[in-house]
Amino acid sequence: MSEFPTPTDLIHNRGRIEDPSAFAKEAGAASWLYLCGEEFASMEGGMAYADVQAAVPQSANLIADPPREFDMAVARRGIAALDELPRPTLVTCRTGPRSSALVYLYSGLRSGASAEDVLARADADGAPFAAAEPLRQWVAQGLAELS
């Protein structure tokens, strides 16, 4: 196994969040980076950014949910937001793949880990993005381009 550790101060979701306040409290979150737009709030089981704001003292909203492109511009904005938010920080999307990809990319960049090590750790952790080849490629591309 690689030397790259499981990220611990950034917490991603593994499915839809039923109760934002309980999710934040359970994680002991100081902040939250929310990757969804307001249209998600109108969907069954969706959540509004206002719910995030009510659950934590500090938050940021980086709208990057489908059908929006999840590209290196999103990666750069996500990294900038995570650099500003206090820890522990929740990073969530609708069900977890995009948020987990951003968490592992950020942690890999900050630790200087290789794409191989980050992806191996994601596989071992069962990170939601690990099963999606486009997100694996996004993480590898980000580690190569943004380091």
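The values are calculated or read from the model by the stated rules, or taken from the named source; none is laboratory data. Keep in mind it's a predicted model, so treat the numbers as computed, not measured. Every residue, glycine among them, receives a Cβ derived from its backbone with ideal geometry; neighbour counts consider all protein chains shown. Just so you know, the surface numbers come from the protein's heavy atoms only, side chains and all, with ligands and any DNA or RNA stripped out. Shrake-Rupley method; radii C 1.70, N 1.55, O 1.52, S 1.80 Å.
Accessible surface ranking for Ser114, Ser31, 1.4 angstrom probe, highest first: Ser114, Ser31.
Backbone geometry of the stretch 61-71 corresponds, through the Karplus equation with coefficients 6.51, -1.76 and 1.60 at θ = phi - 60°, to 3J(HN,Hα) couplings of 10, 10, 6, 8, 9, x, x, 5, 5, 9, 10 Hz, x marking Gly and Pro.
Overall, the accessible surface of the stretch 50-143 at a probe of 1.4 angstrom is composed of carbon and sulfur to the extent of 50 percent.
Helix 133-146 versus the longest principal axis of the chain: what angle, 0 to 90°, nearest 10, using Cα atoms? Between helix and principal axis, roughly 70 degrees. Any idea how far the Cα center of the stretch 21-54 sits from the one of the stretch 93-123, in Å? Centre-to-centre (Cα) distance: 21 Å. Note on the chain: GNM, Cα springs under 10 Å; of Ser100, Ser42, Ser21, the largest mean-square fluctuation is that of Ser42.
Given the Cα-Cα distance of Glu26 and Asp125 and 0.36 nm per residue of separation, how much length would full extension add, in nm? So the extension gain works out to 33.7 nm. The convex hull defined by the C-alpha atoms of the chain has an orientation-averaged projected area of 7.8 nm². Within the chain, what's the longest stretch lacking GluC sites (Glu not before Pro) that sit in DSSP loops with no more than 12 other Cβ atoms inside 10 Å? Counting only loop sites that pass the neighbour cut-off, the longest clear stretch is 70-147. The phi-based Karplus calculation (6.51 cos²θ - 1.76 cosθ + 1.60; θ = phi - 60°) puts the 3J(HN,Hα) values of the stretch 39-50 at 4, 5, 5, 7, 7, 4, x, x, 8, 8, 4, 4 Hz, whole numbers, x for Gly and Pro. With θ taken as phi - 60° and the Karplus curve 6.51 cos²θ - 1.76 cosθ + 1.60 applied, the whole-hertz 3J(HN,Hα) list for the stretch 106-115 is 4, 5, x, 5, 5, 9, x, 6, 7, 4 Hz, x standing for glycine and proline.
Annotation: amide H-H contacts under 5 Å for Ser59 (H modelled 1.01 Å from N, sequence separation of 5 or more, or interchain): Trp32.
Taking each residue as 0.36 nm, the span from Arg77 to Arg110 lengthens on full extension beyond its C-alpha to C-alpha distance by 10.4 nm. With 0.36 nm allotted per residue and the present C-alpha distance subtracted, the Thr95-Glu44 stretch has 17.1 nm of extension available.
Note that the chain presents 47 Å² accessible area per residue, ligands and nucleic acids not counted, probe 1.4 Å. Put simply, the amide H of Ile11, placed in the peptide plane, has neighbours under 5 Å in Thr89, Leu90, Val91, leaving out anything fewer than 5 places away on its chain.
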